[in-house]
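For reference, the structure is listed below as structure tokens.
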Amino acid sequence: MTTHRSICPYDCPDTCGLLVEVENGRAVRVSGDPDHPVTRGLLCPKMLHYEQTVHSPRRLTTPLLRTGGKGTGKFVPISWEDAIQHTCDRWKELTARYGGESILPYSYAGTMGLVQRNSGHPFFHKLGASRLERTICSPAKDAGWRAVMGETPAMDPADMQQSDLIILWGINAAATSIHAMRDARAARQRGARVWAIDTYRTPTCDAVDEAFIVKPGGDGALALGMMHVLVRDGLVDRDFIATNVHGFDEFEQQVLPRCSPEEMSSVCGLPAATIERMAREYAAALAPFIRLGSGLTRYGNGAMTVRTIVCLPAVSGAWQRPGGGIFPGTSTGAAFPLAAVVTREDFMTAPTRMVSMNQLGQALNELSDPPVGSLYVYHSNPASIAPDQNAIIRGLLRDDLFTVVHERFLTDTARYADIVLPATSSLEQPDLYRCYGNYVSQSCSAVISPIGESKSNWEVFSLLAEGMGWEEPFFRQPAEKLIEQLLDFDTSWRDREMTDRLRRGEPVFLTPPRDPQHPWRTPSGRIEILNTREAEPLPRPLPTHAEADGFPLRLQPAVTPYALNSSFYEQDDLRSRQTCMELMINPADAGARGLTDGQQVLACNESGEVAFCLKVTERVPAGTVVTEGVWWSEFIPGGRGVNALTSQRLTDGGRGSTLYDVTVELRRA
Ligand SMILES: Nc1nc2c(c(=O)[nH]1)N[C@H]1C(S)=C(S)[C@@H](COP(=O)(O)OP(=O)(O)OC[C@H]3O[C@@H](n4cnc5c(=O)[nH]c(N)nc54)[C@H](O)[C@@H]3O)O[C@H]1N2
Ligand SMILES: Nc1nc2c(c(=O)[nH]1)N[C@H]1C(S)=C(S)[C@@H](COP(=O)(O)OP(=O)(O)OC[C@H]3O[C@@H](n4cnc5c(=O)[nH]c(N)nc54)[C@H](O)[C@@H]3O)O[C@H]1N2
Ligand code: SF4
Ligand SMILES: [Mo]
């Protein structure tokens, strides 16, 4: 038996270091790397048996050609040569007739490795295909942060240990960021207070000193109410503001007078007295630390919500003390020369059209000039995870759409493919990873051979380039060469010694460039509460989309600790820990509808109808219903998941998804 270092490839802020034990070519045990500075031996329940995903009997092992109707899941095995030739023949026909934009790539975050994740970009740029706007996750958070903080790099999340008040705001850290949760617990043991702010009582709420349950999309109003109190009661730091903040006077005069706790109470759902108390305790803390999640950004007002919350530490002066501030996640894009080495926009002869990944339903059904004639999906499962599932499935059923899906499993999306290609797992491919919850980076090699005939993303694009008859040596390089080139370039984020350690597969803390003399990287050099480059120059309360919708219950499509988006449903043990696709409801709302615990119900709105098993619980407040996880259709009655109820509407900034911004009504199944 041998033990190898590897890295968790999933879309999780922690990017854990793994130790993989290999016996006779099989991964037999996976554990957390005790020497990784963030992982420190701790893995989440999802990855404890990653070997069951890697060696799952459900893994796809050969290319497949559709024989039955679309969506029926009937395929026969074919060779890689035939699969590539068939695909390239169709693409040559389509590009000749309608142009490259008739082909649409769709990918997201099945693997976060820099090479495998992005390896379709150079291929589709050269093909002249439509470009995908990859904005399903949290671009509204970036937009809100940038409006106030510009390019200022995020603080070090480890600074949390120096804080005396930690606020987990819109983040279910116990499920989605277990190492941040461990850090918050450690700080709490040392005497820090910890709050959670969420729309229902998550496991994170159970692990903190106090949980505040707000109305969906109401956090901007809460932050404004708190800042009203800070100003009214003389709790702002006017010295800090005078030298570090731009536009406070306008904010104080034009916005805050209309944001009293009484006025904000009905918007955010907390009593005025609670808003007052939160403001006073926030101001009394020496170094309050806000860890900002993504849930609260997926609304029609998501960017404005973030922008408003980001003003809190500027107004209170929390930034001045170690541990004080707000941490939205790290942005490490500049640490490696991704554009020059991998994504290669220079391969495009002219900029092609952009299609939002949040509006795939519209793209497949309504786009013209040219219509989408072919969809190529890799490391994403849009038929499950993207909003407005019914519109997407309607599009995937089109007879004249040629769909190719490169996957590890026969997902909901793969079921609608004309051709399915088998994908390697992260243990079967090399890559270089960076992280969005801290500053660690690490590279790894393959630790086992590919399962069956599966191939990595990069290998498939090499074959497709050859199939298209392209001669460029670029597409013929092995993935290892690209990793080398990403490391060869020097950047200010790492020195030679760090790069050598990265080459050796060791986890390394990157160092974002900071200038203590000029901490705020904005055009004015100050924290910009007033930003006249924005359509809204000042933060103010904005409504969510759902407020104009006609159904009485706010739906929260939240996450489960036992899956990651639609990944991990292949592991029977993990799936069984979720029992069934539940819908949590407050006893008052259930009683008013004559519904009881355990009953089958249908949730409906203008987008669709979805069957759930009802869970009556005080964990959700009246007016809100919650479901956790993104189930595969084969495991749910009715075959439709929660995204049959979500909408293709976009956020106010960043063109993000508004998955949390919907309403429903319930009836008996
Ligand atoms: N176990 C597990 N881990 C995951 C994932 C998973 O599916 N499962 N997904 C991964 C991915 S892709 C991402 S982006 C991250 C996301 O991780 P987080 O940043 O934690 O984001 P979410 O889980 O989307 O939402 C966090 C919390 O916000 C709450 N919320 C929703 N609306 C509001 C609101 O208006 N106000 C407030 N205050 N709270 C609100 C939700 O109820 C939820 O508990 O997690 C990653 N990690
Ligand atoms: N209702 C609801 N919808 C959501 C969310 C939610 O919380 N609730 N979360 C949203 C968020 S934040 C995000 S980021 C998106 C995520 O959406 P996706 O990025 O589509 O995430 P997954 O559902 O994990 O699907 C990834 C797929 O990639 C495949 N895969 C893994 N590795 C590889 C590889 O190396 N190559 C190839 N070709 N395939 C591979 C996996 O088998 C899996 O089927 O979902 C969004 N949708
Ligand atoms: S999903 Fe996140 S917490 Fe779990 S092993 Fe991967 S990186 Fe670590
Ligand atoms: Mo995400």
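Looking only at the stretch 1-31, how many residues end up being away from ligand 4 (no atom under 16 Å from the Cβ), open to solvent by 10 Å² or more (accessible area, probe 1.4 Å) and farther than 14 Å from residue 446 by Cα?
The initial filter retains those residues of the stretch 1-31 that are away from ligand 4 (no atom under 16 Å from the Cβ), namely 1-7, 16-31.
Checking which are open to solvent by 10 Å² or more (accessible area, probe 1.4 Å) leaves us with 1-5, 16, 19, 21-26, 28-29, 31.
Subsequent filtering for residues that are farther than 14 Å from residue 446 by Cα retains 1, 16, 23-24, 28-29, 31.
Residues that pass the stated criteria total 7.
Any residue at all in the stretch 18-41 that's under 22 Å from the mean Cα position of the chain (by Cα), assigned to a loop (DSSP other than H, G, I, E, B), among the β-branched types (Val, Ile, Thr) and within 16 Å of ligand 3 (Cβ to nearest atom)? If you could, list the steps in order and put the result at the bottom.
Let us first name the residues in the stretch 18-41 that are under 22 Å from the mean Cα position of the chain (by Cα), namely 18, 38-39.
Remaining after also requiring assigned to a loop (DSSP other than H, G, I, E, B): 38-39.
So of that shortlist, the ones also among the β-branched types (Val, Ile, Thr) come out as 38-39.
Those still in the list that are within 16 Å of ligand 3 (Cβ to nearest atom) too: 38-39.
Scanning the stretch 18-41, I find at least one residue that is under 22 Å from the mean Cα position of the chain (by Cα), assigned to a loop (DSSP other than H, G, I, E, B), among the β-branched types (Val, Ile, Thr) and within 16 Å of ligand 3 (Cβ to nearest atom), so the answer is yes.
Please determine, by comparing only the residues of the stretch 566-594 that are part of a strand (DSSP E or B) and either open to solvent by 10 Å² or more (accessible area, probe 1.4 Å) or modelled with pLDDT under 95 (or both), which one is nearest to residue 386 (Cα to Cα). Before the answer, list the steps.
Residues of the stretch 566-594 part of a strand (DSSP E or B): 567, 582-585.
Keeping just the survivors that are either open to solvent by 10 Å² or more (accessible area, probe 1.4 Å) or modelled with pLDDT under 95 (or both) gives 567, 582, 584.
Working: 567: 14, 582: 19, 584: 22 Å.
By that ranking, first place goes to 567.
Which one is farthest from residue 349 (Cα to Cα), of the residues in the stretch 125-146 that are in contact with a Phe, Trp or Tyr (Cβ under 9 Å, 6 or more places away or on another chain) and assigned to a helix (DSSP H, G or I)?
Residue satisfying both the conditions and the ranking: 140.
Out of all the residues in the stretch 72-87, is one or more β-branched (Val, Ile, Thr) and not assigned by TED's automatic domain parsing to the domain that holds residue 501? Full working, then the answer.
Step one: filter the stretch 72-87 for residues β-branched (Val, Ile, Thr), giving 72, 76, 78, 84, 87.
Those still in the list that are not assigned by TED's automatic domain parsing to the domain that holds residue 501 too: none.
For the stretch 72-87, residues β-branched (Val, Ile, Thr) and not assigned by TED's automatic domain parsing to the domain that holds residue 501: absent.
Go through the residues of the stretch 127-147 one by one and say whether even a single one is open to solvent by 10 Å² or more (accessible area, probe 1.4 Å), in contact (Cβ under 8 Å) with a residue 24 or more places away in the chain, over 30 Å from residue 534 (Cβ atoms) and assigned by TED's automatic domain parsing to the domain that holds residue 432.
Yes, the conditions are met somewhere in the stretch 127-147.
If I ask for residues that are of a type in the set (S, T, N, Q) and either within 16 Å of ligand 4 (Cβ to nearest atom) or closer than 18 Å to residue 610 by Cα (or both), which ones from the stretch 548-598 would you list? Walk me through how you get there before you give the answer.
As a first pass, look at the stretch 548-598 and keep what is of a type in the set (S, T, N, Q): 556, 560, 565-567, 571, 576, 578-579, 586, 596.
Within the stretch 548-598, 556, 560, 565, 566, 567, 578, 579, 596 qualify.
Name the one entry in 61, 72 that is surrounded by fewer than 22 Cβ atoms within 10 Å (Cβ to Cβ), under 27 Å from residue 572 (Cβ atoms) and touching a strand residue (DSSP E or B) at 6+ places or on another chain (Cβ under 7 Å). First the steps, then the outcome.
Working: 72 fails: touching a strand residue (DSSP E or B) at 6+ places or on another chain (Cβ under 7 Å).
Residue meeting the stated conditions: 61.
Report whether or not residue 242 is within 17 Å of residue 319 (Cα to Cα), away from ligand 4 (no atom under 16 Å from the Cβ), within 24 Å of the chain's Cα centre (by Cα) and not assigned by TED's automatic domain parsing to the domain that holds residue 659.
Values: within 17 Å of residue 319 (Cα to Cα): yes; away from ligand 4 (no atom under 16 Å from the Cβ): yes; within 24 Å of the chain's Cα centre (by Cα): no; not assigned by TED's automatic domain parsing to the domain that holds residue 659: yes.
For residue 242, the condition - within 17 Å of residue 319 (Cα to Cα), away from ligand 4 (no atom under 16 Å from the Cβ), within 24 Å of the chain's Cα centre (by Cα) and not assigned by TED's automatic domain parsing to the domain that holds residue 659 - is not met.
Hey, could you check the stretch 89-131 for residues that are within 16 Å of ligand 4 (Cβ to nearest atom) and under 19 Å from residue 392 (Cβ atoms) and say which is farthest from the chain's Cα centre (by Cα)?
106
Which of the residues belonging to the stretch 163-179 are in a loop (DSSP other than H, G, I, E, B), away from ligand 3 (no atom under 16 Å from the Cβ) and more than 18 Å from residue 269 (Cβ to Cβ)?
Of all residues in the stretch 163-179, those in a loop (DSSP other than H, G, I, E, B) come to 163-164, 170-172, 177.
Adding the requirement that they be away from ligand 3 (no atom under 16 Å from the Cβ) leaves 163-164, 170.
Scanning the stretch 163-179 gives 163, 164.
Can you name the residue in the stretch 523-539 that is of a type in the set (A, V, I, L, M) and touching a strand residue (DSSP E or B) at 6+ places or on another chain (Cβ under 9 Å) and is also most open to solvent (accessible area, probe 1.4 Å) among such residues?
Per the criteria, the residue is 530.
Can you pull out every residue in the stretch 180-217 that is among the charged types (D, E, K, R), more than 11 Å from residue 161 (Cα to Cα) and not in a helix (DSSP H, G or I)?
Those that are among the charged types (D, E, K, R), more than 11 Å from residue 161 (Cα to Cα) and not in a helix (DSSP H, G or I): 193, 198, 201, 209, 210, 215.
So, of the residues in the stretch 451-484 that are open to solvent by 60 Å² or more (accessible area, probe 1.4 Å) and of a type outside the set (Asp, Glu), which turns out to be nearest to residue 347 (Cα to Cα)?
For the stretch 451-484, the residue satisfying everything is 473.
Identify the single condition in (1) open to solvent by 20 Å² or more (accessible area, probe 1.4 Å); (2) in contact with a helix residue (DSSP H, G or I) (Cβ under 9 Å, 6 or more places away or on another chain); (3) over 23 Å from residue 423 (Cα atoms) that residue 445 does not satisfy, given that it satisfies every other one.
All conditions are met except number (3).
Output the number of residues of the stretch 485-496 satisfying the condition of being part of a helix (DSSP H, G or I) and either open to solvent by 50 Å² or more (accessible area, probe 1.4 Å) or not aliphatic (A, V, I, L, M) (or both).
Number of matching residues: 3.
Quickly run through the stretch 543-570 and pick out the residues that are farther than 13 Å from residue 627 by Cβ and near ligand 1 (Cβ under 9 Å from one of its atoms). Working first, answer last.
Our first condition is that a residue be farther than 13 Å from residue 627 by Cβ; within the stretch 543-570, this holds for 543-552, 561-562, 564-570.
Within the stretch 543-570, 544, 561, 562, 564, 565, 566, 567, 568 meet the criteria.
Please work out if residue 597 is of a type in the set (Asp, Glu), open to solvent by 10 Å² or more (accessible area, probe 1.4 Å), outside the structural domain of residue 389 (by TED's automatic domain parsing) and within 16 Å of ligand 3 (Cβ to nearest atom).
On the way: of a type in the set (Asp, Glu): yes; open to solvent by 10 Å² or more (accessible area, probe 1.4 Å): yes; outside the structural domain of residue 389 (by TED's automatic domain parsing): yes; within 16 Å of ligand 3 (Cβ to nearest atom): no.
No, not satisfied.
Filter the stretch 414-441 down to residues that are aromatic (Phe, Trp, Tyr) and within 16 Å of ligand 1 (Cβ to nearest atom) and give me whichever is least open to solvent (accessible area, probe 1.4 Å).
The initial filter retains those residues of the stretch 414-441 that are aromatic (Phe, Trp, Tyr), namely 416, 433, 436, 439.
This time we only want the ones that are within 16 Å of ligand 1 (Cβ to nearest atom), so: 433, 436.
Values: 433: 2, 436: 77 Å².
That would be 433.
Are any residues in the stretch 490-549 among the charged types (D, E, K, R), under 20 Å from residue 153 (Cβ atoms), in contact (Cβ under 8 Å) with a residue 60 or more places away in the chain and in the same structural domain as residue 430 (by TED's automatic domain parsing), and if so, which ones?
Within the stretch 490-549, just 494 meets the criteria.
Just one of (1) within 16 Å of ligand 3 (Cβ to nearest atom); (2) out of contact with any helix residue (DSSP H, G or I) (no Cβ under 7 Å at 6 or more places or on another chain) trips up residue 114, so point out which.
(2)
Please go through the stretch 69-110 and pick out each residue that is assigned to a helix (DSSP H, G or I) and among the β-branched types (Val, Ile, Thr). Full working, then the answer.
Initially, the stretch 69-110 is screened for residues assigned to a helix (DSSP H, G or I), giving 80-98, 100-102.
Answer for the stretch 69-110, where residues must be assigned to a helix (DSSP H, G or I) and among the β-branched types (Val, Ile, Thr): 84, 87, 95.
Among the numbered criteria (1) more than 21 Å from residue 218 (Cα to Cα); (2) surrounded by 20 or more Cβ atoms within 10 Å (Cβ to Cβ), which one does residue 109 miss?
Condition (2) is where residue 109 drops out.
Can you name the helices (runs of 4 or more DSSP H) wholly within the stretch 286-394 that have at least 3 residues being surrounded by 24 or more Cβ atoms within 10 Å (Cβ to Cβ) and β-branched (Val, Ile, Thr)? Steps first, answer last, please.
Numbers: elements: 302-310, 312-316, 360-366, 382-385.
Answer list for the stretch 286-394: 302-310.
The values are calculated or read from the model by the stated rules, or taken from the named source; none is laboratory data. Predicted model only: the values in this text are computed from it and were never measured. Cβ sites come from the backbone with ideal geometry, for glycine too, and all protein chains shown count toward neighbours. Remember, those area values only see protein heavy atoms, side chains included, never the ligands or the DNA or RNA. Shrake-Rupley method; radii C 1.70, N 1.55, O 1.52, S 1.80 Å.
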